[in-house]
Amino acid sequence: MCGIVTAIATNNVVPVLLEGLRKLEYRGYDSAGVAVLANGLTRLRSTGRVAELAALADARQLSANIGIAHTRWATHGVPCERNAHPHISGGLAVVHNGIIENFEAIKSSLQARGYVFESDTDTEAIAHLVHSKLATTPDLFEAVRLALNELVGAYAIGVVAEADPFRAIVARRGSPLLLGVGEEGMYAASDTAALLQVTRKVIYLEDGDVAELRLNAYRIVRPDGTPAEREMHISSLSADAVELGQFRHYMQKEIFEQPQALGNTLEIIAGGGSVSPQLFGSRAPEVLDGVRRVLVLACGTSYHAGLVARYWLESVAKVPCSVEIASEYRYRESVPESDTLVVVISQSGETADTLAALKHAHGLGMGRTLAICNVPESAIVRETALRFITRAGPEIGVASTKAFTTQLAALALLTLTLAKLNGRLSEAEEARHLGALRHLPVAVQKVLELEPEIEKWAQRFAAKHHALFLGRGRHWPIAMEGALKLKEISYIHAEAYAAGELKHGPLALVDKDMPVIAVAPADELLEKLKSNLQEVRARGGELYVFADAGSEIAESEGLHILHMPEHYGMLSPVLHVIPLQLLSYHAALVKGTDVDKPRNLAKSVTVE
Ligand code: G6P
């Protein structure tokens, strides 16, 4: 979703603003813009890539010591130059990430006062509102603060004004924003990666904070104007972690980083480590004590991780578990139960619906909350009683891969912890499960070696318009994840079904043009699945089966089989998702789509 960079420095900030936008490209966008103050306000906008905006800036020899920049993911108004940020009112310019829910009311009242709107965006209302405040409150910082108090919705904003060229104002509520304290100046951006080029010293703004950035000073206030102190952190994010290196795409890099990501995430149980509540935070013994059920809330790929965990939690820990899409849960009337552990899963920790679902659960009095998240300082992590930080490293590709498998690793640890607390895990079983978890990076590495064969399969897929994914039990969510990956990046329409449901509808779709992908591990459901595969073959459907080593499914005309190196018991979903990630990646390559930035999608969905 939209990305923001703001900079004020002793040197030219234009390269910093543009490089910041490049680092935010992964969030997903359809247009980009920059506004700087140098002998007046100059704004450049482009409906293309950041590279095009950079070319425009080059051609104009844009140079300034203060400015704001933005990548826009359209919400209000189509992607076009007129709707691209920054938006201007008089001599002030605003960039914004989020959605202002009451913008129509604000817009009407401003129009009644003579303000003319040039765009269809909600952001332009912020620009005019701040401008209108300047009539009675000449101080820009105060004008911004007062304007923000009238907004309903989510925002992270950056503001600069011609009349006040020695400071930039930024603020956040609901959308991410952090400050960077550099040698040459002060900065703000939607994430740390955008600022690593100038500093590692970062300050995470809290919801409602308004901050003023000057060349070598900053101050932060709360919405009522009272000063606020925020801790400074030294980011440990390595610049390499967000570089592509030898890989063609971030998604490919991230698929191949999975052994490392899993190894890092599971480091806490390396050697002689065992499962214990403390893995989830110091308050875990008290919060987990008496937990009788689990409710998982998440979106997208993270939701699929939750669905896999349901099978684990119920079969291994014997804890009833329900998994809900966050955007559904937040708006539905549900029955809260105080002995429920609410688990929110999110790669980014900023997904608006997941955050709102968590707040909704809090509002219902459910205080036992756990975040499984890849970003330690994110909004979601700051709101839960317990947390488990996956150590996947930054995930740039919109289609989530290494975040997913590390979420599964965290959920496996949660399952074992609850099983142990419930007296459902013998020492021998714990040792066996821990052994399997420790071996996981090696097992994943072996699966990655199947890439050349999967690549061949992908060639045959690229021409198809539809695909069906089948799975059973804990591999049904893996089939769902495979279908999601394929549609996200190759734009091939794909659906996943629990294989037993095939004859209740989807079988009607099966013909020679409908490839059917089956996740077929050698588990207790394999024989059932084989019957489902026969049903497909009998209708002329072409089958692509991911089986385990030693599975006796014979290859034949129209039935292609790829054997995984080993069967992996409870953790088998972690292995079986890998070939599906590779399949969608290679199908997208053949189709020539923008793998890391698929059309219409965003990495960090900070609006509902
Ligand atoms: C977006 C991303 C998905 C991700 C989902 C949930 O749709 O494109 O890859 O799974 O958001 O994001 P989260 O950060 O909460 O895991």
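The values are calculated or read from the model by the stated rules, or taken from the named source; none is laboratory data. Treat the numbers as computed from the prediction; the structure is a model and nothing was measured. A quick note on method: Cβ atoms are made from the backbone with ideal geometry, for glycine too, and the neighbour counts reach across all protein chains shown.
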**Request:** For residues that are in contact (Cβ under 8 Å) with a residue 24 or more places away in the chain, charged (D, E, K, R) and part of a helix (DSSP H, G or I), tally how many sit in segment 452-483.
**Result:** 5
**Item:** Members of segment 324-361 that are under 18 Å from the mean Cα position of the chain (by Cα), under 23 Å from Ala284 (Cα atoms) and β-branched (Val, Ile, Thr)
**Value:** Val343, Val344, Ile345, Thr354
**Complete:** Those helices (runs of 4 or more DSSP H) completely within segment 226-320 that have 1 or more residues that are more than 18 Å from Phe388 (Cα to Cα) are 250-256, 258-265, 300-312
**Item:** Restricting segment 396-405 to residues that are within 11 Å of the ligand (Cβ to nearest atom) and of a type in the set (Ser, Thr, Tyr), the residue that is surrounded by the fewest Cβ atoms within 10 Å (Cβ to Cβ)
**Value:** Ser400
**Request:** Output the residues belonging to segment 234-279 that are of a type in the set (Val, Ile, Thr) and out of contact with any helix residue (DSSP H, G or I) (no Cβ under 8 Å at 6 or more places or on another chain).
**Result:** Ile234
**Message:** Looking at Ser108, Ser119 in this structure, which one is among the hydroxyl-bearing types (Ser, Thr, Tyr), on the phi < 0 side of the Ramachandran plot, out of contact with any Asp or Glu (no Cβ under 7 Å at 6 or more places or on another chain) and crowded, with 19+ Cβ neighbours inside 10 Å?
**Reply:** Ser119
**Prompt:** So, of the residues in segment 368-395 that are modelled with pLDDT under 95 and over 19 Å from Leu408 (Cα atoms), which turns out to be nearest to the ligand (Cβ to nearest atom)?
**Reply:** Ser378
**Message:** Of all residues being within 16 Å of the ligand (Cβ to nearest atom) and under 21 Å from Leu196 (Cβ atoms) in segment 22-69, which is surrounded by the fewest Cβ atoms within 10 Å (Cβ to Cβ)? Just the residue, please.
**Reply:** Glu25
**Prompt:** Given the residues Leu416, Leu355, Leu341, which is the only one that is more than 14 Å from the ligand (Cβ to nearest atom), crowded, with 22+ Cβ neighbours inside 10 Å, farther than 20 Å from Pro573 by Cβ and not small (Gly, Ala, Ser)?
**Reply:** Leu341
**Item:** Which numbered condition Glu314 misses (of (1) away from the ligand (no atom under 16 Å from the Cβ); (2) crowded, with 22+ Cβ neighbours inside 10 Å)
**Value:** (2)
**Asked** Checking Leu440 against (1) closer than 26 Å to Gly290 by Cβ; (2) away from the ligand (no atom under 16 Å from the Cβ); (3) buried (at least 23 other Cβ atoms within 10 Å of the Cβ); (4) among the aliphatic types (A, V, I, L, M), which test does it fail?
**Response** (1)
**Request:** Among the residues of segment 484-521, write down those that are within 16 Å of the ligand (Cβ to nearest atom), part of a helix (DSSP H, G or I) and under 25 Å from Asp548 (Cβ atoms).
**Result:** Leu484, Lys485, Leu486
**Asked** Within segment 503-528, how many residues are farther than 15 Å from Ala483 by Cα and surrounded by fewer than 21 Cβ atoms within 10 Å (Cβ to Cβ)?
**Response** 16
**Asked** Could you list, in sequence order, the residues of segment 580-608 that are in a helix (DSSP H, G or I) and either closer than 30 Å to Ile380 by Cβ or within 16 Å of the ligand (Cβ to nearest atom) (or both)?
**Response** Leu580, Gln581, Leu582, Ser584, Tyr585, Ala588
